[in-house]
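The values are calculated or read from the model by the stated rules, or taken from the named source; none is laboratory data. This structure is a prediction, so every number in the text was calculated from the model and none was measured. Cβ placement follows ideal geometry from the backbone for every residue including glycine, while neighbour counts extend to all protein chains displayed.
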Amino acid sequence: MTIPAQSDMQIDNDEVRVTQWRLPPGGATGPHRHGMDYVIVPITTSAMTIVAPDGTRSIAQLKTGQSYFRKAGVEHDVLNETVDEIVFLEIELKT
């Protein structure tokens, strides 16, 4: 059984939405589509498993403080298949 990821929305205004995500070991965000461009800021160094809609799996290496950007439209599920909690900030750009 998959454990749901925990989200804590920190900012939500006309320009941005900032959410802290916590994925415990065995946790997952659930399949979703990003409706806005976004930046991920890792709080922990870890490896996330990314599952595409067609089931293709890849590993995203996260390094604390090393951000990355993605365009709107990305579809995936994010899994934590490690033994440690994964924590990151997601900054969605509304403008």
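Checking the condition at pLDDT below 95 and hydroxyl-bearing (Ser, Thr, Tyr), which residue from THR95, THR49 passes?
Only one candidate qualifies: THR95.
Within the group ARG33, ARG57, ARG22, which residue is modelled with pLDDT of 95 or more, surrounded by 13 or more Cβ atoms within 10 Å (Cβ to Cβ) and among the basic types (Lys, Arg)?
ARG22
Could you tell me which numbered condition LEU62 fails, if it satisfies all but one of (1) among the aliphatic types (A, V, I, L, M); (2) under 14 Å from the mean Cα position of the chain (by Cα); (3) loosely packed, with under 12 Cβ neighbours inside 10 Å?
(3)
What do you reckon, is MET9 touching a strand residue (DSSP E or B) at 6+ places or on another chain (Cβ under 7 Å), aliphatic (A, V, I, L, M) and closer than 12 Å to LEU89 by Cα?
yes
Run ASP8 past the list (1) in contact with a Ser or Thr (Cβ under 8 Å, 6 or more places away or on another chain); (2) part of a loop (DSSP other than H, G, I, E, B); (3) free of Cβ contacts under 8 Å to residues at least 60 places away in the same chain and report the number of the one that doesn't hold.
(2)
In segment 60-90, what residues are among the charged types (D, E, K, R) and in contact with a Phe, Trp or Tyr (Cβ under 9 Å, 6 or more places away or on another chain)?
Once the filter is applied, which keeps residues that are among the charged types (D, E, K, R) and in contact with a Phe, Trp or Tyr (Cβ under 9 Å, 6 or more places away or on another chain), segment 60-90 yields ARG70, LYS71, GLU90.
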